[in-house]
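Below: one structure, written as structure tokens.
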Amino acid sequence: MKAVVSRLACSKSSLASFPKISSSTSWRHLSTESNKVDEPFKVEEAETVNMPPPPTEKLLVLGGNGFVGSHVCKEALNRGLVVASLSRSGRSSLHDAWANDVTWHQGNLLAPETLKDALTGVTSVISCVGGFGSNSQMYKINGTANINAIRAASEQGVKRFVYISAADFGVVNYLIQGYYEGKRAAETELLTKFPYGGVILRPGFIYGTRRVGSMKIPLGVIGSPMEMIFQHTKPLNQLPLVGPLFTPPVNVTAVAKVAVRAATDPVFPPGIVDVHGILRYSQQKLK
């Protein structure tokens with residue numbers, strides 16, 4: 001009994017040793033009295049850091065003063081890009097206002113050293129270079145010239161390269177053999193040098209208003225109705241020999257739009273885009 005009483009006495013003395021908690025605590029946010037208002041927290045503003053603006057993308061258009069190339073230049077300028085062009089004649093003969101916003105270089109892709117200055121600071125290239133003539137001439141223009149450009153761009157660290165090639169037309173390929181052999185050789189080189197940033201567009205007949213001197217030739221009068229018809233004849237493309245002749249024409253503005261997007265959009269898939277792909281991409285709204 002004495003042991004129990006002794007333990008109770010010790011417990012009472014231990015409880016008495018704890019400090020008393022004041023009912024009027026100094027923690028203001030615990031107060032429930034209506035006449036006490038919490039003071040707002042003081043938050044110091046974070047120090048801002050001056051970040052440099054994102055680097056401006058510079059596009060080089062090879063053959064920018066031609067029919068397709070001029071539309072590519074115009075589309076790129078509308079997208080806010082810095083645009084330069086290289087061709088054998090240099091500055092475009094067009095007197096349109098947009099031409100004054102392009103940096104024009106004169107050079108020859110068969111002499112790769114003339115590309116060096118034009119490639120300075122370039123992040124992407126679109127080649128619209130092509131032409132006709134004898135088989136040997138067509139191979140040089142469509143093949144060798146573009147291969148030189150692809151290699152030079154790769155050595156300069158260009159990120160993306162878009163090549164305007166051409167769709168197969170079956171039996172027509174044999175009539176202009178040098179043309180297609182040159183195109184396919186350039187395609188092979190592009191996919192080798194730019195496996196992740198190389199895009200090949202294969203349009204068929206490209207229509208639009210072509211300028212020949214002071215004359216304007218409205219190819220859309222023929223091309224536009226044919227495009228509308230041939231878009232619905234895709235199964236006929238599988239016919240042997242004549243099937244490719246049903247490839248739908250495509251507007252030059254659609255080709256330019258897709259080419260610029262492929263050259264600047266890092267998520268645009270590399271590889272070959274046929275005419276149906278060009279039509280599909282051209283109808284998509286840009287984000």
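When Thr103 is tested against the conditions (1) more than 11 Å from Val61 (Cα to Cα); (2) free of Cβ contacts under 8 Å to residues at least 24 places away in the same chain, the lone failure is (1). Residues of segment 75-94 that are over 20 Å from Ala259 (Cα atoms) and among the basic types (Lys, Arg): Arg88, Arg91. Pairing each residue of segment 267-283 that is touching a residue at least 12 places away in the same chain (Cβ under 8 Å) and under 15 Å from Asn251 (Cα atoms) with any residue that is assigned to a helix (DSSP H, G or I) and among the basic types (Lys, Arg), provided the two are 6+ apart or on different chains, yields C-beta distances under 7 Å for His276/Lys234; Tyr281/Arg261; Ser282/Lys257. Here Gly90 clears all of (1) open to solvent by 50 Å² or more (accessible area, probe 1.4 Å); (2) more than 28 Å from Gln177 (Cα to Cα); (3) touching a Phe, Trp or Tyr at 6+ places or on another chain (Cβ under 7 Å); (4) not aliphatic (A, V, I, L, M) except the condition numbered (1). Applying a threshold of 8 Å to beta carbon distances and a minimum spacing of six or more residues, or different chains, the list of pairs starting in segment 143-166 at a residue that is touching a residue at least 60 places away in the same chain (Cβ under 8 Å) and part of a strand (DSSP E or B) and ending at one that is β-branched (Val, Ile, Thr) and open to solvent by 10 Å² or more (accessible area, probe 1.4 Å) reads Arg160/Thr123; Arg160/Thr264; Ile164/Val68. Restricting Ala111, Ala152 to those that are over 19 Å from Ala259 (Cα atoms) and modelled with pLDDT of 95 or more reduces the list to Ala152.
Just to be sure, is His95 at pLDDT 90 or above and either assigned to a strand (DSSP E or B) or open to solvent by 30 Å² or more (accessible area, probe 1.4 Å) (or both)? The answer is no for His95.
The values are calculated or read from the model by the stated rules, or taken from the named source; none is laboratory data. Bear in mind that the values here come from a model prediction, so they are computed numbers and not experimental data. Every residue, glycine as well, gets a Cβ built from its backbone with ideal geometry; the counts of neighbours run over all protein chains shown. Areas reflect the complete protein model, heavy atoms only, side chains present, ligands, DNA and RNA absent. Shrake-Rupley method; radii C 1.70, N 1.55, O 1.52, S 1.80 Å.
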